[in-house]
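Asker: Take this structure, written in structure tokens, and hold onto it; I'll ask about it next.
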Amino acid sequence: MSVFIKYSKPGSLGAVFNVQVLWRFNSTTAESIRKEEDEEFRVLDILKKKDRQQKKQIRRADIQPDRADRMATDQNWGNVWPGPKTFHPSSVPLPIRQGYVPKGQAPPGKKANAELMKIPNFLHLTPPVIKTQCEAIKKYCTEWPKLLNSEETIEKHYPLEIISSDYCHASPTIRNPLARVVNLRIKLSSLNLDKRARDKFLRLIGDRYDEKTDLVTFIADRCPMRKQNLDYVNYLLTACYHESWSVEDWESEKTEEDMEYYDWNNNASKRSLVNWFLKCNNEEKELTDEEYKNFDISKIPNAEGYKNAVNSLMNDGECDATLKTYGSSVRKLLGLPEKKVT
Amino acid sequence: MNSSILKLAQICTTGQINQLSTVLASQLHISAPLCRVVSGKYRITKKKDRPLTYEMANPPHFIAHRKSWNSWNTSSLKDGLRRSETAVEDEFIRRFMNGTWHGLVCSEVIIKRQFNHIRVAAIIRRAVSPMKMYFLLGYTEELLSNWIQCPVTLELQTVDSFKDVVFKYI
């Protein structure tokens, strides 16, 4: 017990109390009680283990308990985590663990886990939050035109496609030089061109035409801004279109060597066929080029099939199928028996 | 090797060329190349008392397998813009953080960039008073955003002591 050193005047309450204590110190009974209280066996604690354990339990007063422990289960998560943020264990009430550990151990928990802070999280993009955000921006949307209900109608009414890219990147500037590139696509069949103009158009644009998809593609990246490049591709398309419609004087000088495809009517094959037909009928006569061209082959039996076979052989190239049709058409034309299948 | 060359020279000078082939066969040998990777790895101490964080416990070749990058930006992607500038700025931010929060940063400084926004994340020891921490936070954000000319946000996590981030002892 403690020793009171204060002496007060007799007659007051404090004085009485002090007297009693002083008396207890002097009396033998009081001393024996005190001994019984301290009867516990004292251990010599050299390493001071007891003190260490006590130190650990001390909690610092200036540190708040985790916010995650006090969160209501029906709270609005969008208010807790409104925007993109690095992971913080005190605000996320989930028992998350991350890290590689040997088999049989538990991965490190969410507290003081740098791996969780590194990875980008999507805690601000939970489904209900996305839903509310979509609801909020819905008033700025317009309805889709009802008549444009299929790909075909869209292609028919809007044949021109402009493709350009926007870039999102981490940098103090939002400019990206690649954003200037503009790509214009249009189906060749949607352009109003006749046979001659189409041929001229294809010759003008060169390798910008893809036969498989029937698409004409103009790419412009020579100007520094996207607007300028857009104007440039539009100019290119317009210029090529009008140029292909204009007929120059020298275009009449086109010969058979300049033809982009094989026309059977203009070639030696028809000439020899006509000559052979006339000889068969004993009508030897000299024909001019025009007469050869305009000779009606429907008089000759099986000549139509021969014409198509030669055309496909010359235009599509030599392959098993074209050669086979060519052979069978010649047999039909000359009245020979069908080739026996061996 | 030197001694063998000397021997070879001696043999040549003395004219014992017929012994040359045997000497070459016995003396010339190829050793394993000395290309042990040392960087980013820690040695095991005798007492096994070196504390390692998770980041330190996984050597660099485990990046993208067991641990992820400390810098997240689009410059390191293929055809990324401002590669060198980003790397230098990141190094500057790391050094500034380590110096400003002296002895308090317990983990690597993680730098994430989104558009022109830079997020700096780190684990900080609670060794100074909250008032000082708030001051340092504002000070760091203000100075960094003035230098880099970008909004900079510090997203810190605090721990009681360095022991909280220790992953294992080797």
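The values are calculated or read from the model by the stated rules, or taken from the named source; none is laboratory data. None of these values were measured; they are calculated from a predicted model. Cβ sites come from the backbone with ideal geometry, for glycine too, and all protein chains shown count toward neighbours. Calculation scope for accessible area: heavy atoms of the full protein, side chains included, ligands and nucleic acids excluded. Shrake-Rupley method; radii C 1.70, N 1.55, O 1.52, S 1.80 Å.
Results for (1) part of a helix (DSSP H, G or I); (2) among the acidic types (Asp, Glu); (3) surrounded by fewer than 16 Cβ atoms within 10 Å (Cβ to Cβ), shown as yes or no for each residue.
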{"residue": "A:GLU260", "(1), (2), (3)": "no, yes, yes"}
{"residue": "A:LEU278", "(1), (2), (3)": "yes, no, yes"}
{"residue": "A:GLU284", "(1), (2), (3)": "no, yes, yes"}
{"residue": "A:TYR292", "(1), (2), (3)": "yes, no, no"}
{"residue": "A:TYR306", "(1), (2), (3)": "yes, no, no"}
{"residue": "A:ASN315", "(1), (2), (3)": "yes, no, yes"}
{"residue": "A:LYS324", "(1), (2), (3)": "yes, no, yes"}
{"residue": "A:ARG331", "(1), (2), (3)": "yes, no, yes"}
{"residue": "A:GLU338", "(1), (2), (3)": "no, yes, yes"}
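Asker: Something else about it: Only one residue in B:ARG94, B:ARG125 is within 24 Å of A:LYS111 (Cα to Cα) and modelled with pLDDT of 95 or more, so which one is that? Give the steps one after another, and end with the answer.
Answerer: Working: B:ARG125 fails: modelled with pLDDT of 95 or more.
It is B:ARG94.
Asker: Given (1) within 30 Å of A:LEU184 (Cβ to Cβ); (2) not assigned by TED's automatic domain parsing to the domain that holds A:LEU204, identify the lone condition not met by A:LEU230.
Answerer: (2)
Asker: Consider A:LEU204 carefully, then state whether it is in a helix (DSSP H, G or I), under 30 Å from A:PRO177 (Cβ atoms) and in contact (Cβ under 8 Å) with a residue 60 or more places away in the chain.
Answerer: Details: in a helix (DSSP H, G or I): yes; under 30 Å from A:PRO177 (Cβ atoms): yes; in contact (Cβ under 8 Å) with a residue 60 or more places away in the chain: no.
Here the answer is no, as A:LEU204 does not meet what is asked.
Asker: Which residue pairs have Cβ atoms closer than 6 Å, lie 6 or more positions apart in sequence or on different chains, and pair a first residue in segment A:156-172 that is open to solvent by less than 80 Å² (accessible area, probe 1.4 Å) with a second residue that is in a loop (DSSP other than H, G, I, E, B) and of a type in the set (A, V, I, L, M, F, W, C)?
Answerer: Hits for this filter: A:SER171/B:LEU81; A:PRO172/B:CYS150.
Asker: Considering only residues that are farther than 25 Å from A:ALA309 by Cβ and of a type outside the set (Asp, Glu), which ones fall in segment A:256-291?
Answerer: Matches in segment A:256-291: A:ASN282, A:LYS285, A:THR288.
Asker: For segment A:185-199, name all the residues that are open to solvent by less than 40 Å² (accessible area, probe 1.4 Å) and either on the phi > 0 side of the Ramachandran plot or at pLDDT 90 or above (or both).
Answerer: Passing the criteria: A:ILE186, A:LEU188, A:LEU191, A:LEU193, A:ALA197.
Asker: Are any of the residues in segment A:101-116 within 14 Å of chain B (Cβ to nearest Cβ), closer than 18 Å to B:LYS112 by Cα and either open to solvent by 70 Å² or more (accessible area, probe 1.4 Å) or in contact (Cβ under 8 Å) with a residue 40 or more places away in the chain (or both)?
Answerer: No - not one qualifying residue is present in segment A:101-116.
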